[in-house]
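The values are calculated or read from the model by the stated rules, or taken from the named source; none is laboratory data. The structure presented is a predicted model; accordingly, all values stated were derived computationally and were not measured. Glycine gets a Cβ as well: all are built from the backbone with ideal geometry, and neighbour counts include every protein chain shown.
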């Protein structure tokens, strides 16, 4: 009996139509289900974007879709982390970032280099005002540590490493005396 069902042309036709329908639906849904770097959600904040507010030294909230952006390759002392006291140099890092955003009129250029998001779903970006790189300036001012173990280009790692070496040598901010 099972052999008769497989050979039944009506069943074969129904199975064919079912597979064809699934293939067409999956092709139609592909842009919505894809998480690669060309999907709209992963590039939503590349290019020029308006900043709604500075969350802390290394995190911005964008006006468009209220997307959180974390500065790629750096870590500033904490000011707003839940269950964590405000850390030394955290308020200064936040103020530096606020000034940087204000000097750009609230509009900055965001570039992708390496990982798209951190484990908290924040977009990872390098942030520019013309030729000034906020990520680098925070490190050079001694208000952030370069995080070189993550996935982004060697040229950016070298740039951040040099900025950190200069700040450490000059004993700026976090590299200076403990307050």
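Yes or no: residue 124 closer than 18 Å to residue 57 by Cβ, in contact with a helix residue (DSSP H, G or I) (Cβ under 9 Å, 6 or more places away or on another chain), modelled with pLDDT of 95 or more and assigned by TED's automatic domain parsing to the domain that holds residue 55?
Criteria not met by residue 124.
Give just the number: which of (1) surrounded by 14 or more Cβ atoms within 10 Å (Cβ to Cβ); (2) touching a strand residue (DSSP E or B) at 6+ places or on another chain (Cβ under 7 Å); (3) not in a helix (DSSP H, G or I) does residue 164 not satisfy?
Only one criterion is unmet by residue 164, namely (3).
Which of the residues belonging to segment 43-97 are modelled with pLDDT under 90 and closer than 17 Å to residue 109 by Cβ?
Once the filter is applied, which keeps residues that are modelled with pLDDT under 90 and closer than 17 Å to residue 109 by Cβ, segment 43-97 yields 43, 44, 45, 46.
Looking at segment 51-65 only, could you name the residues that are closer than 14 Å to residue 125 by Cα and out of contact with any helix residue (DSSP H, G or I) (no Cβ under 6 Å at 6 or more places or on another chain)? Even if it seems obvious, please write down each step before you answer.
Residues of segment 51-65 closer than 14 Å to residue 125 by Cα: 51, 57-62.
Matches in segment 51-65: 58, 59, 60, 61, 62.
Being closer than 26 Å to residue 173 by Cα and touching a residue at least 60 places away in the same chain (Cβ under 8 Å) is true for just one of 146, 102. Which residue is that? Can you show your working first?
Working: 102 fails: touching a residue at least 60 places away in the same chain (Cβ under 8 Å).
When all the criteria are applied, what remains is 146.
Anything in segment 68-109 that is surrounded by fewer than 13 Cβ atoms within 10 Å (Cβ to Cβ), in contact with a strand residue (DSSP E or B) (Cβ under 6 Å, 6 or more places away or on another chain) and part of a loop (DSSP other than H, G, I, E, B)? List them, or say none.
If the condition is that a residue be surrounded by fewer than 13 Cβ atoms within 10 Å (Cβ to Cβ), in contact with a strand residue (DSSP E or B) (Cβ under 6 Å, 6 or more places away or on another chain) and part of a loop (DSSP other than H, G, I, E, B), then 80 is the only one that fits.
Is there a residue being part of a loop (DSSP other than H, G, I, E, B), in contact (Cβ under 8 Å) with a residue 12 or more places away in the chain and in contact with a strand residue (DSSP E or B) (Cβ under 9 Å, 6 or more places away or on another chain) anywhere in segment 134-141?
Looking through segment 134-141, none of the residues is part of a loop (DSSP other than H, G, I, E, B), in contact (Cβ under 8 Å) with a residue 12 or more places away in the chain and in contact with a strand residue (DSSP E or B) (Cβ under 9 Å, 6 or more places away or on another chain).
Find the residue count for segment 122-156, including only residues that are loosely packed, with under 15 Cβ neighbours inside 10 Å and under 17 Å from residue 54 (Cα atoms).
Qualifying residue count, segment 122-156: 0.
Considering only segment 110-124, how many residues are assigned to a strand (DSSP E or B) and farther than 18 Å from residue 66 by Cα?
Within segment 110-124, residues that are assigned to a strand (DSSP E or B) and farther than 18 Å from residue 66 by Cα number 0.
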